[in-house]
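Notes follow once the structure below has been shown.
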Amino acid sequence: MVNPRKAAIVGLGNVGASIAFALMQENLYSELVLIDYNRDKAEGEAMDLSDGQPYVGSINIHAGDYSEVGDCALIVITAGAAQKPGETRLDLITKNTKIIKSVIDEIKKTDFAGILLVVANPVDVLTREAQRLSGYPESKVIGSGTVLDSARLKDEISRHLSVDARNVHTMIIGEHGDSEVPVWSNTNISGIPLSEFCEIRGHVGDHQAAMEKLYFDVRDSAYHIIEKKGATYYGIAMAVKRIAEAFVKDEHSVLPVSVALHGEYGLSDVYLSIPAIVGSNGVEKVITIQLSDDEHEKLIASGNALKEVIKEAEAEI
């Protein structure tokens with residue numbers, strides 16, 4: 001039986017530990033199981049996090065193993081190697097596919113019937129692989145996708161226009177990576193079209209050039225953060241917390257998570273970030289939104305590029 005207030009995190013590096021901290025602060029779960037190949041690391045993180053319990057309420061945070069995940073409502077998979085200088089994307093896929101396989105093999109030994117949320121990169125490829133290896137329903141094997149990228153775009157727009165980011169409605173779709181696609185045609189500020197709001201805030205001139213700059217700043221954000229501090233983890237932790245919140249509260253929220261496509265937007269046999277209705281049972285429905293011709297072409301190109309990478313990776317494994 002699934003315990004709706006129990007979750008596990010596999011991989012306690014900077015990302016996994018930050019996710020544990022974010023979930024604890026939000027008090028979404030009453031039990032968090034921390035799993036890492038380095039048991040001491042998991043135990044240390046559990047001890048450190050537990051020190052904050054008096055300020056968030058009762059929560060059982062402890063290091064554990066896969067035997068404890070059978071009744072979890074959610075397993076967050078962050079385990080994976082980071083891309084090193086000089087290492088190709090294909091190298092990373094090959095390495096992390098082997099890691100995700102070892103994780104799935106352990107989870108399948110249990111009666112797990114909850115939701116798998118893949119965060120490890122490249123997230124679209126690894127989410128597809130997690131579903132293929134596990135055989136779990138596609139609705140319950142989800143990638144964190146471009147929830148973080150979309151938040152970054154909202155933040156960039158809010159700074160550019162000096163407006164509350166919560167009033168910015170936009171998203172990035174496609175690959176969580178260099179071919180991701182900003183949906184400018186649907187972007188608005190509290191219902192006011194983006195170009196019109198730019199005029200309101202005194203930005204008169206070449207809106208296209210301004211939007212392109214914002215997009216590149218978002219697309220390359222992780223590279224700049226890694227260059228300055230070595231890794232990114234706070235932003236993705238908040239994105240995962242947001243997704244988990246939709247699960248726990250059965251919100252039926254529309255979020256750009258990485259999902260399996262079966263003809264939507266003319267794409268199939270690939271996982272990409274597409275707006276989907278998310279609730280306690282995972283993905284309820286993939287949403288087809290109206291895109292401009294240019295956005296649709298870029299989304300198709302993003303999906304096809306990812307499929308080529310998958311084909312190359314499968315030949316290597």
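The values are calculated or read from the model by the stated rules, or taken from the named source; none is laboratory data. Predicted model only: the values in this text are computed from it and were never measured. No Cβ is skipped: glycine too gets one built from the backbone with ideal geometry, and neighbour counts run over all protein chains shown.
With the requirement that a residue be more than 12 Å from ASP269 (Cβ to Cβ), of a type outside the set (Asp, Glu) and in contact (Cβ under 8 Å) with a residue 12 or more places away in the chain, what does region 291-315 give you?
LEU291, SER292, HIS296, LYS298, LEU299, ILE300, ALA301, SER302, ALA305, VAL309, ALA313
Can we say LYS98 is of a type outside the set (Val, Ile, Thr), in a helix (DSSP H, G or I) and exposed (fewer than 15 other Cβ atoms within 10 Å of the Cβ)?
In short, yes.
Please name all residue pairs, on different chains or six or more residues apart, with Cβ atoms under 6 Å, provided the first residue is in region 214-241 and is acidic (Asp, Glu) and the second residue is at pLDDT 85 or above.
Listed pairs, sorted by first residue: ASP217/GLU156.
Please specify each residue of region 60-85 satisfying the condition of being aliphatic (A, V, I, L, M) and either under 27 Å from GLU227 (Cα atoms) or touching an Asp or Glu at 6+ places or on another chain (Cβ under 7 Å) (or both).
Hits for region 60-85 are ALA63, VAL76, ILE77, ALA79, ALA81, ALA82.
Within region 18-32, which residues are surrounded by 20 or more Cβ atoms within 10 Å (Cβ to Cβ) and either without any contact (Cβ under 8 Å) to a residue 60 or more places away in the chain or in contact with a strand residue (DSSP E or B) (Cβ under 7 Å, 6 or more places away or on another chain) (or both)?
Scanning region 18-32 gives ILE19, ALA20, LEU23, MET24, TYR29, LEU32.
Only one residue in LEU23, LEU117 is part of a strand (DSSP E or B), within 28 Å of GLU227 (Cα to Cα) and either under 20 Å from the mean Cα position of the chain (by Cα) or of a type in the set (D, E, K, R) (or both), so which one is that?
Exactly one residue qualifies, and that residue is LEU117.
For region 279-306, name all the residues that are among the β-branched types (Val, Ile, Thr) and out of contact with any Asp or Glu (no Cβ under 9 Å at 6 or more places or on another chain).
ILE289, ILE300
Here is a check on your reading of the model: is THR127 farther than 21 Å from ALA244 by Cβ and touching a residue at least 24 places away in the same chain (Cβ under 8 Å)?
Against the criterion (farther than 21 Å from ALA244 by Cβ and touching a residue at least 24 places away in the same chain (Cβ under 8 Å)), THR127 does not qualify.
Residue by residue, here is whether (1) part of a helix (DSSP H, G or I); (2) basic (Lys, Arg); (3) surrounded by 14 or more Cβ atoms within 10 Å (Cβ to Cβ) holds:
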position	(1), (2), (3)
HIS176	no, no, yes
SER195	yes, no, yes
CYS198	yes, no, yes
VAL204	no, no, no
GLN208	yes, no, no
TYR215	yes, no, yes
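Among the residues in region 110-127, are any over 24 Å from ILE310 (Cβ atoms), hydrophobic (A, V, I, L, M, F, W, C) and outside the structural domain of LYS307 (by TED's automatic domain parsing)?
The answer is yes, given that some residue of region 110-127 is over 24 Å from ILE310 (Cβ atoms), hydrophobic (A, V, I, L, M, F, W, C) and outside the structural domain of LYS307 (by TED's automatic domain parsing).
Look through region 163-180, keep the residues that are under 16 Å from HIS296 (Cα atoms) and among the small types (Gly, Ala, Ser), and return whichever of them is farthest from the chain's Cα centre (by Cα).
SER179
Tell me yes or no: at least one residue of region 164-172 is in a strand (DSSP E or B) and surrounded by fewer than 21 Cβ atoms within 10 Å (Cβ to Cβ).
Yes: one or more hits.
Within region 130-146, track down each residue that is surrounded by 24 or more Cβ atoms within 10 Å (Cβ to Cβ) and part of a helix (DSSP H, G or I).
Matches in region 130-146: ALA130 only.
Checking SER18 against (1) assigned to a loop (DSSP other than H, G, I, E, B); (2) of a type in the set (Ser, Thr, Tyr); (3) under 20 Å from the mean Cα position of the chain (by Cα), which test does it fail?
All conditions pass for SER18, except number (1).
In this structure, is ALA151 out of contact with any strand residue (DSSP E or B) (no Cβ under 7 Å at 6 or more places or on another chain), among the small types (Gly, Ala, Ser) and crowded, with 17+ Cβ neighbours inside 10 Å?
For ALA151, the condition - out of contact with any strand residue (DSSP E or B) (no Cβ under 7 Å at 6 or more places or on another chain), among the small types (Gly, Ala, Ser) and crowded, with 17+ Cβ neighbours inside 10 Å - is met.
Considering only residues that are of a type outside the set (D, E, K, R) and closer than 14 Å to LEU272 by Cβ, which ones fall in region 164-189?
Selection gives MET171, ILE172, ILE173, GLY174, HIS176, GLY177, SER179, VAL181, VAL183.
Collect the residues in region 38-69 that are in a loop (DSSP other than H, G, I, E, B) and free of Cβ contacts under 8 Å to residues at least 40 places away in the same chain, keeping them in residue-number order.
Listed by number, the residues that qualify are ASN38, ASP51, GLY52, VAL56, GLY57, SER58, ILE59, ASP65.
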